[in-house]
2 protein chains.
Amino acid sequence: MASTTPSPDSQFIIGVDLGGTNIVVSAMSLDGSRLFGSQSEPTLAIEGADAVIARMARMVNTTVGITMKEAGVPKSAFLGVGIGAPGTVDRETGRVLAAPNLKWYDFPLVERMAELTGLPVKIDNDANCATYGEWWLGAARGGRNVIGVTIGTGVGGGIIIDRQVYHGSSDAAGEIGHITIDLNGRRCGCGNYGCLEAYASGSAIAERAREALLNDESSVLPSLVNGDHSKITAAVVYSAAGQGDALALEIVRETARYLGAGLANLLNVFNPDVVVVAGGVTQAGEALFGPLRTEVRRRAFKSVSDACRIVPGTLPGTAGVVGAVASFISQTTGHPPA
Amino acid sequence: MASTTPSPDSQFIIGVDLGGTNIVVSAMSLDGSRLFGSQSEPTLAIEGADAVIARMARMVNTTVGITMKEAGVPKSAFLGVGIGAPGTVDRETGRVLAAPNLKWYDFPLVERMAELTGLPVKIDNDANCATYGEWWLGAARGGRNVIGVTIGTGVGGGIIIDRQVYHGSSDAAGEIGHITIDLNGRRCGCGNYGCLEAYASGSAIAERAREALLNDESSVLPSLVNGDHSKITAAVVYSAAGQGDALALEIVRETARYLGAGLANLLNVFNPDVVVVAGGVTQAGEALFGPLRTEVRRRAFKSVSDACRIVPGTLPGTAGVVGAVASFISQTTGHPPA
């Protein structure tokens with residue numbers, strides 16, 4: 001008697017988004033249609049790699065258990081674990097080469113997780129995963145060549161070419177935060193000058209707002225932080241902009257101009273059909289995306305900007321997990337997920 | 001009786017490099033090992049598209065004739081014609097969409113050439129072809145992910161990903177001359193500000209030299225152009241730099257810094273294993289490449305710059321033709337040439 005091949009919606013992959021702050025885990029069906037057992041816990045990197053690994057493995061095993069019960073599938077329905085890890089990773093050897101947030105250097109993540117879960121494990125960079133997630137099930141769905149920019153504390157990025165994550169020659173492609181937009185400009189955390197990240201990251205947005213407040217008395221921003229300027233974050237700026245605060249709106253427009261110059265660079269070189277901008281910055285909404293699209297149109301070639309839509313991410317909080325699953329599928333089969 | 005399959009060194013493709021100034025044509029064997037019947041004639045675009053097409057077809061037919069004789073092969077040994085055309089092209093429809101140098105707009109180049117030569121014809125952008133030529137048989141040989149920058153009057157570029165030319169979503173990828181390196185900087189011919197081309201093109205190099213001469217009395221540059229500053233070209237600057245002229249050397253070093261900032265951008269995003277810099281600028285030799293490599297190392301991530309060699313092109317004058325042949329092979333078979 002021939003065995004039946006299980007259908008794609010009853011086979012599962014566990015996606016893990018390993019962040020500096022939180023670990024997020026979910027089970028997803030191979031066809032992307034079903035999500036089970038989502039959990040989030042603090043990473044607590046300070047407790048050391050062994051504790052983080054143990055926590056992550058326990059979460060994966062719990063998610064497997066929940067999914068078996070809720071979806072009514074056996075253990076054999078789980079094909080493996082995809083992990084999006086911060087920093088540089090070597091997909092071949094399964095090692096995290098350098099993740100400064102976690103203080104992990106040359107760490108055998110795949111080997112350790114495979115031991116503790118009994119499942120095949122694949123890793124990829126977290127920003128690559130976030131972009132791949134938005135491509136598979138989010139805002140960049142249907143795109144062929146996609147650039148993802150995630151604006152959080154820093155500016156991360158990922159590149160998809162012909163429906164697969166592009167990793168470059170040493171697994172380090174996509175450092176979109178570190179393209180130079182002003183070669184004599186602001187010093188960046190990376191040591192270089194004028195990087196996009198030095199202007200458009202969450203920290204840079206907050207810093208530019210604090211600087212602008214030195215010459216302004218009408219903004220509502222100080223009142224939102226009880227007068228303590230050190231408490232101003234990008235989120236506070238977006239919130240003030242939403243209330244129509246002139247200074248906050250100008251900071252958002254300026255951010256759009258910097259980001260627009262960076263994206264126009266990438267458009268002229270990559271000619272993508274979608275750019276997806278994700279992270280906290282999407283809270284600024286049209287106050288950001290309007291001037292951003294204008295700036296890109298102004299700077300990029302017409303045939304290039306006409307071919308490209310610029311959209312906010314639609315999977316906040318889950319893009320990383322979804323993309324880790326997509327990356328597992330792509331690395332295992334050599335093809336993008338369906 | 002079964003027919004014998006001809007060996008790759010006795011099958012030929014005609015490569016055409018259609019430039020604004022000259023048309024260059026050669027026959028090349030499928031394996032890249034043999035070159036026959038090379039010719040160059042002025043384009044004379046001013047005579048109109050019909051005259052240019054007729055000239056190009058005549059050159060192709062002459063090259064076919066010469067190759068038949070010299071290589072001792074029949075007409076059936078010629079598989080087709082690859083053409084590198086300036087401006088934007090649509091490979092699918094075989095049309096040149098816009099080639100301002102030739103004043104061609106939406107011109108059916110493939111159809112017209114196929115009629116006049118009786119051979120299958122494929123087109124690609126000329127800068128893509130130049131990069132692909134350097135990859136196939138020149139300085140970028142053996143590379144997997146390659147960026148080509150050609151510095152002539154302007155700054156052209158091409159991108160190779162996984163051994164094939166990357167064209168982007170609307171056949172417009174690779175406009176490396178128009179990445180922004182200083183968002184408040186020099187006005188570029190494209191209408192934008194601070195493009196790499198506005199600093200590092202041949203015309204920009206000459207212009208920066210003329211500007212620098214306003215405050216300099218010791219340079220040999222004026223003596224090389226009989227005191228007529230308007231006759232200063234990039235080539236004159238490289239020549240003066242070769243003689244150790246301090247002002248010319250500073251212009252070359254400055255060019256290296258601008259180009260280095262632009263290339264570092266691309267390295268952080270693309271993580272290529274080779275960057276090939278071609279065009280007149282290679283005449284400046286180590287005076288350019290030394291500081292260029294230093295600037296890239298200073299600005300790009302270490303893991304990224306360690307993975308990449310930056311080399312001068314080694315096929316001056318022929319990269320375009322070689323790449324047009326490679327592009328024909330790639331477009332016809334779906335695989336890069338062997």
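Key figures
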| item | result |
| --- | --- |
| For chain B, share of DSSP beta bridges that run antiparallel, in % to the nearest 5 | 60 |
| Computed over chain A, Cα set: Rg, Dmax in Å | 20.7, 80 |
| Shielding by partners - mean other protein chain Cβ count within 10 Å, residues of A:154-161 | 1 |
| Alpha-carbon centroid distance for the pair the range B:93-152 / the range B:190-225, whole angstrom | 30 |
| Amide H contacts of residue B:157 (H built 1.01 Å from N, under 5 Å, at least 5 apart or other chain) | B:150, B:176, B:177 |
| Set of lysines near residue A:122 by C-alpha distance (under 21 Å), chain-local residues within fewer than 8 positions excluded | A:75, A:103 |
| Distances in nm from residue B:215 to the matching label points in the other copies, shortest first (labels 7 Å along Cα to Cβ) | 2.6 |
| Residues with amide H under 5 Å from that of residue B:185, placed H, sequence gap 5 or more | B:194 |
| Extreme residue, positive dipole direction of the range B:142-312, given options B:280, B:223, B:262 (C-beta unit charges) | B:262 |
| Projected area averaged over orientations for the range B:217-338, convex hull of C-alpha atoms, nm² | 9.6 |
| Three-way shape label, the protein assembly as shown, alpha-carbon gyration tensor, a/c 1.5 | oblate |
| Accessible area expressed per residue, chain B, with surrounding protein chains retained (probe 1.4 Å, Å²) | 39 |
| Along each principal axis, Cα extent of the range B:87-133, largest first, Å | 27, 25, 17 |
| Cα shape, the range B:142-312, gyration tensor, a/c 1.5 rule | prolate |
| Within chain A, longest stretch free of exposed GluC sites (Glu not before Pro) [DSSP loop, at most 13 other beta carbons within 10 Å] | A:93-216 |
| Shortest-first nm distances, residue A:226 label point to equivalent points in other copies (7 Å, Cα→Cβ) | 8.1 |
| Distances in nm from residue A:290 to the matching label points in the other copies, shortest first (labels 7 Å along Cα to Cβ) | 5.4 |
| Dipole magnitude (debye, nearest 20) for the protein assembly as shown, charges at Cβ of Lys, Arg, Asp, Glu | 580 |
| Average partner coverage of B:140-149, which counts Cβ from other chains inside 10 Å | 1 |
| Buried solvent-accessible surface, both chains (A, B), 1.4 Å probe, Å² to nearest 100 | 3400 |
| Cα-centred dipole magnitude for chain A, charges only on beta-carbon of K, R (+1) and D, E (-1), debye, nearest 20 | 480 |
| Shielding by partners, peptide A:180-193 (average Cβ within 10 angstrom, other chains) | 5 |
| Antiparallel DSSP beta bridges within the protein assembly as shown, as percent of all bridges there, nearest 5 | 60 |
| Span-like helix ranges in chain B, DSSP H, alpha carbon extent 20 angstrom or more, Kyte mean at least -0.5 | B:49-71, B:246-270, B:319-333 |
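The values are calculated or read from the model by the stated rules, or taken from the named source; none is laboratory data. Small disclaimer: the values here were computed from a predicted structure and weren't measured. Cβ coordinates were reconstructed from backbone atoms using ideal geometry, including for glycine residues, and neighbour counts include every protein chain displayed. Surface accessibility is based on the protein's heavy atoms, side chains included, excluding ligands, DNA and RNA. Shrake-Rupley method; radii C 1.70, N 1.55, O 1.52, S 1.80 Å.
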